[in-house]
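Single-structure report; data block below.
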Amino acid sequence: MEDKKLSIGMVGCGQIMPSTAKGIMASQHCVIDAVMDIDEEVAKEKSETYGVPYYTDLWKFLERESMDAVYIAVPHALHVPIGIEAARAGKHVIVEKPMATAVEDAKMLVKECKEAGVKLTQAMGMRYAATSALTHDLIKAGAIGDFTSYLVRSIGMKDAKYWSNGVFGEAKRSCWRAYKGMAGGGILVMNAVHNLDALYYMTGATPTEVMAMGGNYSSRSALEDSMTMLVRFKENNAYGVCQAMSAAHGASHTDNSTFIYGTKGTIRFAGKNIELFTTVEGLGYETNKWITIEPEKRSDSRTMLVDGFAEAIWADKDPFITGEQGVMITEMMLGAYRSMETNAPYIMKENNI
Ligand SMILES: NC(=O)c1ccc[n+]([C@@H]2O[C@H](COP(=O)([O-])OP(=O)(O)OC[C@H]3O[C@@H](n4cnc5c(N)ncnc54)[C@H](O)[C@@H]3O)[C@@H](O)[C@H]2O)c1
């Protein structure tokens, strides 16, 4: 393994940035190079916290020769424009979710990163979860037979402070989360994006068509706070149902539950452990009864993200989460919004990953 470290510049010093900074500091292969934010107060504060220089000018920041990669955590509509500037400056790109607020933008980011010869990945925490890894392995080993359907719920209650001060209600006041032009969407692009990405990894199934219903029922935003999405997959004519809410009384910030069905078994989880019902002999699991399996403990998802990205760069291989996968997930979500507007199914176009 390389002696050198991957030096990561961080753009956007808001609510989520400290979680990623913590992940970088705990990593084997990465260090923080510098921070950048248009708000000098927060940039300076983070510069002091992490002992690195700060910038308020993106282009001056990108001129830093010591910087190998950038991590982008800004309002959603800015992910692609800043990602492209970083790629053009020769920096590898880690972008927060959702990748983009338009499919064409997501495709352009992928294309520009390819042309610049830099790698692109996304910060999708659930993809790195121990439950996702174990479910992926069980499905691959044939424990549920052929995937037939899923039922996934991402149900939460976001209070008024969320819209102005972010996921922990503690970020400096901002005003982008509640508007389509800045955020691109509501609960789907904010939270259920993680479920869709993890499900793609766990099932390996390629979406061909999406349908959705939903709306805004009570939150302080112009975006959907409740929606249910149906997805059709190429493999086995399988389908999935994803229900997402951010205004469910009695729910915590996000309650997730996942059921994945196959021709020979079922996997379900809502917490740390997996429950498996399999009819398949010879895999080492008791058959025809529910069993609980504790996944192997893993490091923090953001540490895995940056260490894995460094390894992919040095080995010149695809990162665990690719740009093409980001385009596909973006199209699924924007297709769901299109379906809500037209009351018709949306047929996927970019699913040839
Ligand atoms: N993966 C996760 O679990 C997770 C959790 C929370 C947030 N996020 C994502 O992280 C991103 C940021 O969210 P947040 O909650 O930290 O938002 P935030 O509003 O707290 O912070 C955003 C920061 O971006 C800065 N900014 C705005 N325009 C900029 C520009 N042109 N150049 C540089 N900086 C600019 C703002 O000044 C602010 O400090 C979003 O994409 C969000 O969806 C991901």
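Computed from the coordinates by the stated procedures, all read-outs in this text should not be read as laboratory data. These numbers come from a predicted model, not from an experiment. Every residue, glycine as well, gets a Cβ built from its backbone with ideal geometry; the counts of neighbours run over all protein chains shown.
Assuming charge only on the beta carbon of Lys and Arg (+1) and of Asp and Glu (-1), the dipole of the chain about its Cα centre is about 600 debye to the nearest 20. Computed from the Cα positions only, the extents of the range 80-184 along the three principal axes stand at 44, 43, 23 Å, in decreasing order. For the range 313-353, the fraction of alpha-carbon pairs lying more than 17 Å apart is 43 percent, rounded to a whole number.
Just so you know, the Rg over Rh for the range 156-230 is 1.02, from Cα atoms, with Rh as the Kirkwood radius. Taking 18 Å as the straight-line reach from the Cα of Lys234, the aspartates and glutamates in range (excluding those fewer than 8 positions away in the same chain) are Asp146, Asp197, Glu209, Glu324, Glu331, Glu350. Counting every alpha-carbon pair across the range 116-251, the share separated by more than 28 Å comes to 26%.
Here the chain has an Rg and Dmax of 20.2, 62 Å, counting Cα atoms alone. The convex hull around the C-alpha trace of the range 238-353, projected and averaged over every direction, spans 11.3 square nanometres. Candidate membrane-span-like segments in the chain, meaning DSSP H helices with Cα atoms spread over at least 27 Å of their own axis and a Kyte-Doolittle mean of -1.0 or above, are 323-342, with no membrane implied. If you bin all the Cα-Cα distances of the range 166-317 at 5 Å, starting from zero, the percentages per bin are 2, 7, 12, 16, 16, 16, 15, 10, 4, 2, 1, 0. The GluC sites (Glu not before Pro) of the range 254-346 that meet both conditions, a loop assignment by DSSP and at most 16 other Cβ atoms within 10 Å of the site Cβ, are Glu281, Glu286, Glu296. Computed per residue of the chain from DSSP H runs no shorter than four, each worth -39500 (n - 2.57), the mean residue ellipticity at 222 nm is -10000 deg cm²/dmol. Here's the picture: a label point sits 7 Å out from the Cα of Ser252 along the beta-carbon direction, and within the range 297-311 the residues with their amide nitrogen under 20 Å of it are 297-302. Put simply, the Cα atoms of the range 232-286 extend 44, 29, 11 Å along their principal axes, the longest span coming first. FRET efficiency for the pair Glu40 and Arg173, taken as 1/(1 + (r/R0)^6) with r the Cβ-Cβ distance and R0 = 25 Å, rounds to 0.95. Could you tell me the center-to-center distance, by alpha carbons, between the range 191-249 and the range 284-308 in angstrom? Going from one Cα centre to the other spans 23 Å. Of the GluC sites (Glu not before Pro) in the range 1-99, the ones in a loop by DSSP (not H, G, I, E or B) with at most 13 other beta carbons within 10 Å are Glu2, Glu63, Glu65.
Computed from the C-alpha gyration tensor, the three semi-axes of the ellipsoid equivalent to the range 246-314 are 28, 23, 11 Å, from longest to shortest. Each Cα pair under 8 Å and six or more residues apart adds its separation to the average, and for the range 296-353 the resulting relative contact order is 25 percent. What the pair-distance distribution of the range 203-271 shows, using all Cα-Cα distances binned every 10 Å from zero, is 17, 40, 32, 11, 1 percent.
Each Cα pair under 8 Å and six or more residues apart adds its separation to the average, and for the chain the resulting relative contact order is 20 percent.
From zero outward in steps of 5 Å, how is the percent of C-alpha pairs of the range 1-73 spread across the bins? Taking all Cα pairs of the range 1-73, the binned fractions are 4, 18, 31, 27, 13, 5, 2, 0 percent. Note: the range 1-135, Cα convex hull, 124 Å³ per residue. Taking one quarter of the surface of the convex hull spanned by the alpha-carbon atoms of the range 280-322 gives a direction-averaged projected area of 5.2 nm². For Thr208, the residues whose modelled amide H falls within less than 5 Å of its own, excluding neighbours fewer than 5 places apart on the same chain, are Arg232, Phe233, Lys234. Using the Karplus relation 6.51 cos²θ - 1.76 cosθ + 1.60 with θ = phi - 60°, the per-residue 3J(HN,Hα) values for the range 251-256 come to 7, 7, 4, 8, 9, 10 Hz, with x marking Gly and Pro.
Measuring between alpha carbons in the structure, the pairs from Lys97/Lys180; Lys114/Lys297; Lys97/Lys119; Lys46/Lys317 lying more than 24 angstrom apart are Lys114/Lys297; Lys46/Lys317.
Cα extents for the range 115-171 along the principal axes, largest to smallest and rounded to whole angstrom: 45, 40, 19. The value obtained for the range 75-142, namely the Cα convex hull volume divided by the number of residues, is 105 Å³ per residue.
Enumerate by residue number the trypsin sites (Lys or Arg not before Pro) in the range 102-210 meeting two conditions: DSSP loop (anything except H, G, I, E, B), and at most 10 other Cβ atoms within 10 Å of the site's Cβ. Counting only loop positions with at most 10 other Cβ atoms within 10 Å, the trypsin sites (Lys or Arg not before Pro) in the range 102-210 are Arg173.
Among residues other than Ser257 with Cβ under 15 Å from its Cβ, the summed charge is +1 (Lys and Arg +1, Asp and Glu -1).
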